[in-house]
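To start, the structure itself, in structure tokens.
The values are calculated or read from the model by the stated rules, or taken from the named source; none is laboratory data. In this text, all values refer to a predicted model and were calculated from it rather than measured experimentally. Cβ coordinates were reconstructed from backbone atoms using ideal geometry, including for glycine residues, and neighbour counts include every protein chain displayed.
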Amino acid sequence: MDEIVELPGADDALLADGTTVHIRPIGGQDRAAVLRLHENMSDENRRLRFFGVARGAPGQTADRLCGAARPGLLALGAFRGTDLLGVAEYSVDARSPDTAELAIAVADTRHGHGVGTLLVEHLAHAARKHGVTAFTAEALADNHAVHRLFADLGLRLDRRIDQGEVHLLIADLPQLAEARIVVGSGATAPHRARLRLAPTTAHDPYLRRLRRLPEPAVRA
């Protein structure tokens, strides 16, 4: 009997600039959007994502993420209307079911807006519910955007550098997932706020303002 793949629900969420995006699992209906996201990358950003300017990589990625659901693979997309702004995915390591490999792709025009950060937070929440407590990731040493993303989340990282590639072990998934706080609801407002988990968050006025909102609920 095939294992049932349980997918997370959808969320409306805020980017760092206040833009509302819709975060939901990627499915077969999204193949064209996933393909377009990767095909529209500049050669430089494609090199950073795929460790080379691989012309066939966009189609292969779209096929993999939008094919039949399979246990251990989850991809979440951030949508603004029908536009796909970014994708984050994890794939569970068969040799270590509590560990999954993480990959992120963000549209060139949306770098620096918090898309990747928000996707990783939601992906970590979903991963934890499926028993994953650590992410691994690989990045080129000059991929400053992805290294900054992990730093902004305040994650504990173990790094190993090998011939220009950085191998990362991210072991703070429980802490990250528990920090997603519901701050309200309504037809015109997103109902989740992103919390940065840097060591200085206790002194962050934005976080202090969130804590003063009535009856916040912590998602475990």
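Candidates are the residues of region 102-156 that are touching a Phe, Trp or Tyr at 6+ places or on another chain (Cβ under 7 Å) and in contact (Cβ under 8 Å) with a residue 60 or more places away in the chain; the one that is farthest from Leu84 (Cα to Cα) is Leu140. I need the full set of residues from region 11-47 which are closer than 15 Å to Ala88 by Cβ, aliphatic (A, V, I, L, M) and either in a loop (DSSP other than H, G, I, E, B) or modelled with pLDDT under 85 (or both), in order please. Once the filter is applied, which keeps residues that are closer than 15 Å to Ala88 by Cβ, aliphatic (A, V, I, L, M) and either in a loop (DSSP other than H, G, I, E, B) or modelled with pLDDT under 85 (or both), region 11-47 yields Leu15, Ile26.
Take residues that are at negative phi and among the basic types (Lys, Arg) and tell me which of the strands (runs of 3 or more DSSP E) falling wholly in region 88-168 contain 1 or more. Where strands (runs of 3 or more DSSP E) fall fully within region 88-168 and carry at least 1 residues being at negative phi and among the basic types (Lys, Arg), they are 157-162. Among the residues of region 115-132, those that are buried (at least 17 other Cβ atoms within 10 Å of the Cβ) and in contact with an Asp or Glu (Cβ under 7 Å, 6 or more places away or on another chain) comprise Thr117, His122, Val132.
I'd like to check something: does region 46-56 contain any residue that is aromatic (Phe, Trp, Tyr) and more than 22 Å from Leu153 (Cα to Cα)?
We begin by selecting, within region 46-56, every residue aromatic (Phe, Trp, Tyr); these are 50-51.
Adding the requirement that they be more than 22 Å from Leu153 (Cα to Cα) leaves 50-51.
Yes, the conditions are met somewhere in region 46-56.
The residues of region 33-67 that are among the aliphatic types (A, V, I, L, M) and without any contact (Cβ under 8 Å) to a residue 12 or more places away in the chain, listed by number, are Val53, Ala54. The condition of being touching a helix residue (DSSP H, G or I) at 6+ places or on another chain (Cβ under 7 Å), assigned to a helix (DSSP H, G or I), modelled with pLDDT under 95 and not hydrophobic (A, V, I, L, M, F, W, C) holds for only one of Pro58, Pro8, that being Pro58. Scanning region 77-88 for residues that are closer than 14 Å to Arg31 by Cβ, under 9 Å from the mean Cα position of the chain (by Cα) and free of Cβ contacts under 8 Å to residues at least 60 places away in the same chain gives a single hit, Gly77.
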